[in-house]
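Working notes, structure below.
The values are calculated or read from the model by the stated rules, or taken from the named source; none is laboratory data. Being a predicted model, the structure only gives us computed values, none of them experimental. As a convention, Cβ positions derive from the backbone with ideal geometry for all residues, glycine included, and neighbour counts pool all protein chains shown. Protein only, heavy atoms only, side chains kept; ligands, DNA and RNA dropped before computing areas. Shrake-Rupley method; radii C 1.70, N 1.55, O 1.52, S 1.80 Å.
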Amino acid sequence: MRRPLFRLTQERVLSLWQRESRTTLAPGSLRQLHSCSALVYRKHGHQYDTVRMEQMSLPALGQHSVRLRMLAAPVNPADINMLQGTYPILPVFPAVGGNEGVGEVVEVGRKVTSLRPGDWAIPWDAGFGTWRTEAVCEADDLLQVPKDIPLLGAATIGVNPCTAYRMLQDFVTLKPGATVIQNGSNSAVGQAVIQIAAALGVKTINIIRDRPNRQELEEELKSMGADFVITEEDLQCLGLDNVIQELPKPILGLNCVGGRSGGLVLSSLCDGATLVTYGGMAKKPLQIPAKSLIFKNITLQGFWMTQWKRNNSKDVTQLQAMVTSVCDLVKSGQLQPPHCVQVPFHHYSQALQATVQAHQRKYVLLM
């Protein structure tokens, strides 16, 4: 039976570390305490020197626990937002950074049956604190991933590809030949949408911002399976009907930008379509013409992967099935891991600083 939701909080993990570091084991005890290197912050701020690498003690292994040796963990924009104090989920200080990553199971408690030493596993919930070399957690805080996919693919599977997968599965019925339009198409989620949609036989119209390497980016996205790539500027001037005539109008729009870009996605949808907003990178309100709601009957929805996981936390089989399905796409070659810059763990400041810069690749810490 699963334990209560939110049991694995930063506060709980760190209090266990602190308690165990002060506790002397009874003579003859076979329990061995371990320590790890962790990237810890004790206040919010926009300066990355608030993050320090520290040595922390790990709690002893319980009957239902797993000791996980972290292998790789990305630095995502949401991680930076948590450091800055602007994300909806904020940890209790002191906090370990990182929400996503993959580790190898080193040791399991005697009542753990879902995982074995040598397995790869990822945390399913946000706030895990993946920027560390080891962790001790409950077995049902983890989902297994196959070891025959690339390490960087496993480390980055739980957030962006799963977000793309859920948005293509949950809001409208997408039959082969249907069309989806999205902005932020060169983002990690956008690239996953392109590839998963192609695997489903679904067409994609992909909006990007104009840039000096526009042609190179278009070719890259089309090599992933994008059917059309168009800039915001061209779509604004010409309109979708004048640019793309051979595809049916989109029945699903995916918006991670907001502002004018989100309005372009909305205005391109067919009658009765659905617009799903999962981000607001422009930090501007979504432009919603009244006629889209009145005369076109557009449905507006929001999506947050973390909330979806928490809503389904009592059904671990559903969580595992989603991750397994996405991993199967990776194994089949239909979903490529994102292009990543690999950074040694002790060079973490390079990854933190680069993540907030425009047009950067995903940075992954290697432990």
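Counting protein heavy atoms only, the chain has 50 percent of its accessible area on carbon and sulfur, 1.4 angstrom probe.
Helix-only arithmetic for the chain: the sum of -39500 (n - 2.57) across DSSP H runs with n ≥ 4, divided by the residue total, places the mean residue ellipticity at 222 nm at -9000 deg cm²/dmol. Under a 10 Å cutoff between Cα atoms, tell me which one of V106, V145, V75 has the largest fluctuation in the Gaussian network model of the chain. Highest fluctuation of the listed residues: V106.
Other residues whose C-beta falls under 13 angstrom from the C-beta of Y363 contribute a net charge of 0, scoring Lys and Arg +1 and Asp and Glu -1.
The mean sequence distance of close C-alpha pairs (under 8 Å, at least 6 residues apart), as a share of the length of the stretch 71-110, puts its relative contact order at 56 percent. Taking all protein chains as they are arranged and a probe of 1.4 Å, the heavy atoms of M322 leave approximately 10 Å² accessible to solvent.
Modelled this way, with points 7 Å down the Cα-to-C-beta line, the labels at H44 and T299 are 3.4 nm from one another. With all protein chains kept in place, the per residue accessible area of the stretch 196-348 amounts to 50 square angstrom at a probe of 1.4 angstrom.
About its Cα centre, the stretch 125-202 has a charge dipole of approximately 420 debye under the convention of +1 per Lys or Arg Cβ and -1 per Asp or Glu Cβ, with nothing else charged. At a probe radius of 1.4 angstrom, the accessible area of the stretch 73-133 per residue rounds to 34 square angstrom. I'd like the orientation of helix 214-224 relative to the chain: the angle between its Cα long axis and the longest Cα principal axis, in ° from 0 to 90, rounded to 10. Helix 214-224 and the main axis of the chain meet at about 70 degrees.
Show log10 I(q)/I(0) for the chain at q = 0.11 Å⁻¹, two decimals, from a solvent-free Debye sum over equal Cα scatterers. Debye curve over Cα of the chain, log10 I(q)/I(0) at q = 0.11 Å⁻¹: -0.77.
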